[in-house]
Amino acid sequence: MTALGFLYPGHSAEDDYPRIEQLLGGDIRVDVVHTDIGVDAHRVDALLRMGSAERLAAGVEELRMAGADSVVWACTSGSFVYGWDGAHEQIRALARAAGLPASSTSFAFVHAAREIGVRRVAVGATYPEDVAQLFREFLVAGGLEVASVTPSGVVTAAEVGMWTRAEVLALASAADRADAEAVLLPDTALHTVAWIPALEDALGKPVLTANQVSAWEALRLADRRVNAPTLGALFTKEPVIQA
């Protein structure tokens with residue numbers, strides 16, 4: 001049994017994770033511990049507090065006691081808002097506190113893009129413009145080219161968590177660009193897991209979403225590979241051999 005541990009801020013789209021567990025099947029267990037979201041706002045000050053070492057450390061003991069093999073801070077904005085170097089320090093502190101391999105959703109996006117061999121991406125963000133541009137900067141620091149960023153201006157995770165399938169499809173379609181090799185949908189508050197095949201069919205290219213890449217990253221840290229076509233191209237393509 002491989003146990004994947006996730007620290008998830010508040011309550012919005014956490015029901016994506018039991019669905020992921022079902023789709024992975026076999027001997028994979030998914031454990032989710034909720035962290036204190038504080039002020040629910042896609043504002044830089046609120047996001048920095050949400051991703052603080054103290055708030056993350058408060059949840060790791062439960063995951064460790066549950067026997068987690070890896071831990072992922074399942075939050076995109078609460079990691080990239082620290083910048084590339086600051087986000088590295090965030091997960092180093094998390095790994096020390098947990099005594100486990102650790103990462104975050106922001107790094108998961110970069111690693112997942114490399115895994116499927118894409119370099120140029122388009123971003124459909126739920127965030128306001130200023131926060132969405134910080135994600136662009138993070139991706140560029142990770143070696144990706146960003147064709148475009150389409151912000152939605154949504155302030156709270158609670159609102160994002162209520163988006164429908166049609167709204168998610170509309171966001172992905174609006175974000176897509178002909179020269180983008182994949183479309184990225186950050187925000188773990190956004191339900192996407194049930195709709196990844198539909199998203200990829202509609203766009204004709206890989207779609208990477210926050211909860212999907214978080215699960216893949218946790219598996220990567222645990223040295224597991226699972227073929228799960230219903231979780232999209234990321235879970236079916238052979239890894240790209242880096243030169």
Which listed residue, of ALA108, ALA98, ALA125, is modelled with pLDDT under 95 and touching a helix residue (DSSP H, G or I) at 6+ places or on another chain (Cβ under 7 Å): ALA98
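Would you call GLU54 at pLDDT 95 or above, surrounded by fewer than 16 Cβ atoms within 10 Å (Cβ to Cβ) and in a helix (DSSP H, G or I)?
So GLU54 fails the test.
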If ALA189 passes every condition in (1) more than 13 Å from ALA113 (Cα to Cα); (2) among the small types (Gly, Ala, Ser); (3) assigned to a helix (DSSP H, G or I) but one, which one does it miss? (3)
Cβ-Cβ below 8 Å, separation at least six or inter-chain, first residue in the stretch 141-156 and without any contact (Cβ under 8 Å) to a residue 60 or more places away in the chain, second of a type in the set (Asp, Glu): which pairs? ALA147/ASP179; PRO151/GLU129; GLY153/GLU129
On the given criteria, is SER79 surrounded by 19 or more Cβ atoms within 10 Å (Cβ to Cβ), part of a strand (DSSP E or B), at pLDDT 95 or above and not aliphatic (A, V, I, L, M)? no
Which one of VAL155, VAL193 is modelled with pLDDT under 95 and out of contact with any strand residue (DSSP E or B) (no Cβ under 7 Å at 6 or more places or on another chain)? VAL155
Hydrophobic (A, V, I, L, M, F, W, C), touching a strand residue (DSSP E or B) at 6+ places or on another chain (Cβ under 7 Å), part of a helix (DSSP H, G or I) and surrounded by fewer than 18 Cβ atoms within 10 Å (Cβ to Cβ): does that describe ALA95? yes
ARG225 being more than 25 Å from LEU100 (Cβ to Cβ), among the charged types (D, E, K, R), without any contact (Cβ under 8 Å) to a residue 60 or more places away in the chain and not in a helix (DSSP H, G or I): no
Look through ALA202, ALA215, ALA194 and report the one residue that is assigned to a helix (DSSP H, G or I) and either free of Cβ contacts under 8 Å to residues at least 12 places away in the same chain or buried (at least 24 other Cβ atoms within 10 Å of the Cβ) (or both). ALA215
Between a residue in the stretch 20-36 that is touching a residue at least 12 places away in the same chain (Cβ under 8 Å) and aliphatic (A, V, I, L, M) and any residue that is assigned to a loop (DSSP other than H, G, I, E, B) and crowded, with 18+ Cβ neighbours inside 10 Å, which pairs come within a Cβ distance under 8 Å, given they are 6 or more apart or on different chains? LEU23/ALA228; LEU24/ALA228; VAL32/GLU14; VAL32/ALA74
Among the candidates LEU100, LEU134, single out the residue that is aliphatic (A, V, I, L, M) and closer than 16 Å to SER214 by Cβ. LEU100
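The values are calculated or read from the model by the stated rules, or taken from the named source; none is laboratory data. The structure presented is a predicted model; accordingly, all values stated were derived computationally and were not measured. Glycine also receives a Cβ, built like all others from the backbone with ideal geometry; neighbour counts cover every protein chain displayed.
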